[in-house]
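The values are calculated or read from the model by the stated rules, or taken from the named source; none is laboratory data. Being a predicted model, the structure only gives us computed values, none of them experimental. Note: ideal-geometry Cβ built from the backbone for every residue, glycine included; neighbour counts use all protein chains shown.
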């Protein structure tokens, strides 16, 4: 994940949240190998919960940049307008698939 890839993810998510679906849906599928630098990322919409999943451990600086970018997203007008209330970051590369709750409170395990 480099700065250009994170900017692309941010722009993609802003567009997706502008027309947030009424049902559960994948907003971003980096694992499809269409987005260089984001092959390890997926983002799902779960009726107001935005779940970001990482399938490969990023470098510490990359992880911090991703978290900062996600928090910027959660402070955006698009976030408020779409009715999102929770932002979770799941580390699927860990044995327990640990989830960090960046915004909101835990609502799933």
Subject >> Filtered residues of the stretch 27-44 (kept if closer than 14 Å to residue 16 by Cα and touching a helix residue (DSSP H, G or I) at 6+ places or on another chain (Cβ under 8 Å)) >> reply: 27, 28, 42, 43
Original post:
In the stretch 81-103, is there at least one residue being part of a helix (DSSP H, G or I), on the phi < 0 side of the Ramachandran plot and either in contact (Cβ under 8 Å) with a residue 24 or more places away in the chain or within 13 Å of the chain's Cα centre (by Cα) (or both)?
Top reply: yes
Original post:
Counting just the residues of the stretch 65-84 that are touching a strand residue (DSSP E or B) at 6+ places or on another chain (Cβ under 7 Å) and under 22 Å from residue 23 (Cβ atoms), which one comes out modelled with the highest pLDDT?
Top reply: 74
Original post:
Restricting attention to the stretch 17-45, and to residues there that are surrounded by fewer than 16 Cβ atoms within 10 Å (Cβ to Cβ) and part of a strand (DSSP E or B), which single residue is farthest from the chain's Cα centre (by Cα)?
Top reply: 25
